[in-house]
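Have a look at the structure below, then the notes.
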Amino acid sequence: MSDYSPPDTPLDVLHEDYEIVAVNKPEGLLSVPGRGEHLADCLLTRVQEAFPTALLVHRLDRDTSGVMVFGLTPHAQRSLSMQFETRKTKKTYVARVEGTLQDKVGTIDLPLIVDWENRPRQMVCHETGKEAITDWRVLKTTKDETRVRLLPHTGRSHQLRVHMLALGHPILGDPLYAEGAAAEHERMMLHAQELRVNHPESGRGMSFRAKVPF
């Protein structure tokens with residue numbers, strides 16, 4: 001990641017109150033700092049410049065855009081983190097993938113584990129992998145690609161990317177898993193479109209959306 005050059009875009013705040021802030025992460029920006037000064041710029045530090053008490057709850061991959069939520073108090077961070085851990089959140093992604101899916105809907109249930117020899121890549125492993133489940137639905141099909149809605153039930157690293165690869169339809173522009181023409185796009189075509197959580201204080205269900213940029 002020595003060629004890391006994050007986008008110089010203003011913070012896109014989707015919602016803010018006394019407990020939480022939701023923002024739209026741009027593609028190409030790390031969620032948290034990497035190792036080394038050249039990887040210090042990230043969404044967390046940008047959010048903390050505007051909201052000094054902001055605390056990390058979850059992450060998106062560098063090349064994924066879309067909704068991220070932060071706690072503004074330790075209580076909010078604990079509440080939100082527990083919602084992710086116990087699968088109380090609902091996450092909706094949109095992706096463009098290579099090729100045409102034959103079915104219109106489906107569920108991928110393939111356990112994942114880190115591919116130690118090729119880190120940070122992940123891989124399917126039925127022996128030692130952790131449970132990973134993704135529902136998918138076709139939104140639109142063209143000659144060479146398909147737009148899909150992805151609903152992950154679990155939150156494994158690179159889950160959507162590896163699951164779509166396992167179906168034989170890698171996400172377009174994916175720098176790790178796409179090859180050939182599928183890799184030759186200006187960005188990875190994966191966007192966290194919507195996140196539903198319960199407010200840490202009131203318990204009220206809230207939904208944050210960020211428009212799909214591709």
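The values are calculated or read from the model by the stated rules, or taken from the named source; none is laboratory data. It should be emphasised that the depicted structure is a prediction, and the values quoted were computed from it without experimental measurement. Every residue, glycine as well, gets a Cβ built from its backbone with ideal geometry; the counts of neighbours run over all protein chains shown. Each accessible area value is taken on the protein alone, full model and side chains, heavy atoms only, with ligands, DNA and RNA left out. Shrake-Rupley method; radii C 1.70, N 1.55, O 1.52, S 1.80 Å.
Could you compute the longest span of the chain free of GluC sites (Glu not before Pro) located in DSSP loops and having at most 12 other Cβ atoms within 10 Å, not counting the site residues? Could the numbers behind the result be given before it?
Numbers: sites that count: 127, 131, 179, 184, 186.
Value returned for the longest uninterrupted segment is 1-126.
Sort 50-58, 65-73 by packing, meaning the average of other beta carbons within 10 Å per residue, with the highest value first.
Working: 50-58: 16.9, 65-73: 22.7.
Result, highest mean Cβ count within 10 Å first: 65-73, 50-58.
What trypsin sites (Lys or Arg not before Pro) in region 130-192 are in a loop by DSSP, with at most 11 other Cβ atoms within 10 Å of the Cβ?
Values: sites: 130, 137, 140, 143, 147, 149, 156, 161, 187; in loops: 143, 156, 187.
Passing both the DSSP loop test and the Cβ count: 143.
Got the relative contact order for the chain handy, in percent, Cα pairs under 8 Å and 6 or more residues apart? Intermediate results must be reported in sequence, preceding the final value.
Details: 474 pairs, mean separation 42.3, N = 214.
Dividing the mean separation by the residue count of the chain yields 20 percent.
What dipole magnitude, in Debye to the nearest 20, does region 1-75 give about its Cα centre under +1 on Lys/Arg Cβ and -1 on Asp/Glu Cβ?
Numbers: 5 positive and 12 negative charges, 44 e Å.
In debye, rounded to 20, region 1-75 gives about 220.
So what is the relative contact order of region 35-87, in percent, for Cα pairs below 8 Å that sit 6 or more residues apart? Provide the component values of the computation, followed by the final result.
Working: 38 pairs, mean separation 15.1, N = 53.
Across region 35-87, relative contact order equals 28 percent.
Keeping all protein chains in position, work out how much accessible area residue 90 exposes to a 1.4 Å probe, and write it in Å² to the nearest 10.
100
Residue by residue, what Karplus-based ³J(HN,Hα) values in Hz, rounded to whole numbers, does region 179-194 have, using 6.51, -1.76 and 1.60 with θ = phi - 60° and x for Gly and Pro?
9, x, 4, 5, 7, 8, 10, 6, 7, 7, 8, 9, 9, 7, 6, 8
So which trypsin sites (Lys or Arg not before Pro) in region 48-84 pass both tests, a DSSP loop state and at most 10 other Cβ atoms within 10 Å of the Cβ?
Numbers: sites: 59, 62, 78; in loops: 59, 62.
Within region 48-84, no trypsin sites (Lys or Arg not before Pro) qualify (loop, at most 10 other Cβ atoms within 10 Å).
Rank these by accessible area, largest first, 1.4 Å probe: 80, 30. Numbers along the way, then the final one.
Details: 80 0, 30 20 Å².
From most exposed to least exposed: 30, 80.
What dipole magnitude, in Debye to the nearest 20, does the chain give about its Cα centre under +1 on Lys/Arg Cβ and -1 on Asp/Glu Cβ? Show your work: numbers first, answer last.
Working: 27 positive and 29 negative charges, 155 e Å.
So the dipole magnitude of the chain works out to roughly 740 debye.
Against the 2.2 N^0.38 Å scaling, with N counting residues, where does region 1-67 land? I'd like the Cα-based Rg ratio to two decimal places.
Details: Rg = 11.6 Å, N = 67, 2.2 N^0.38 = 10.9 Å.
That ratio works out to 1.07.
Could you work out the relative contact order of region 160-214? I mean the mean sequence separation of Cα pairs under 8 Å and 6+ apart, divided by the number of residues, in percent.
Working: 69 pairs, mean separation 12.2, N = 55.
It rounds to 22 percent for region 160-214.
Would you compute, from DSSP H runs of 4+ residues alone, the mean residue ellipticity of the chain at 222 nm, taking -39500 (n - 2.57) per run and dividing by the full residue count, rounded to the nearest 500? Provide the component values of the computation, followed by the final result.
Numbers: 3 runs with 28 residues, N = 214.
Value at 222 nm, helices only: -3500 deg cm²/dmol.
Match the structure shown to one of the listed values (1) 48, 43, 30; (2) 46, 38, 36; (3) 59, 35, 30 of Cα extents along the principal axes in Å, computed from it, and give that label.
Step by step, Cα extents along the principal axes in Å for this structure corresponds to label (2).
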